[in-house]
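What follows is a set of notes on a single structure, which appears directly below.
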Amino acid sequence: MGLSHFSEQLPDVGRKFMEFTAACFQDGAVSEKNKHLIALGIAVSAQDETCIMYHTHAALATGASEQEVLETIGVCGAFGGGAAMSQGVTLVQHVIDVYNEPQH
């Protein structure tokens with residue numbers, strides 16, 4: 001569902017969107033890890049659950065520590081108040097727990 005279904009219906013648009021997104025997250029003056037932390041902050045502020053989970057996982061996978069992820073959520077709480085903080089800590093902790101599970 002989601003983006004894959006969209007890409008099936010509009011393959012050219014879906015492919016170009018994915019290419020654009022991949023280019024945006026490549027290492028540059030800002031590292032890929034930090035770009036995912038930025039995106040996580042935006043996702044928390046927008047209360048976008050899918051993007052919160054995606055960018056938490058991507059930040060961890062590109063070398064972010066749990067502390068860096070949680071500090072990102074803290075900054076979101078400072079700007080977005082209680083709603084951003086509760087949404088952020090709940091979903092981020094779930095992804096951290098799943099990410100840290102032993103792979104079978």
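FYI, it's all coordinate maths here, none of it is from the lab. Worth saying up front: this structure is predicted, and the values here are computed from it rather than measured. FYI the Cβ positions are ideal-geometry reconstructions off the backbone, even for glycines, and counts take in every protein chain you see.
General remarks:
- Complete set of residues in the stretch 7-63 that are basic (Lys, Arg) and either in contact (Cβ under 8 Å) with a residue 24 or more places away in the chain or touching a Phe, Trp or Tyr at 6+ places or on another chain (Cβ under 7 Å) (or both): 33, 35
- Count of residues meeting criterion [assigned to a helix (DSSP H, G or I), of a type in the set (A, V, I, L, M, F, W, C) and surrounded by fewer than 18 Cβ atoms within 10 Å (Cβ to Cβ)] in the stretch 10-43: 9
- Of all residues in the stretch 44-65, none are among the acidic types (Asp, Glu), farther than 20 Å from residue 2 by Cβ and out of contact with any Gly (no Cβ under 7 Å at 6 or more places or on another chain).
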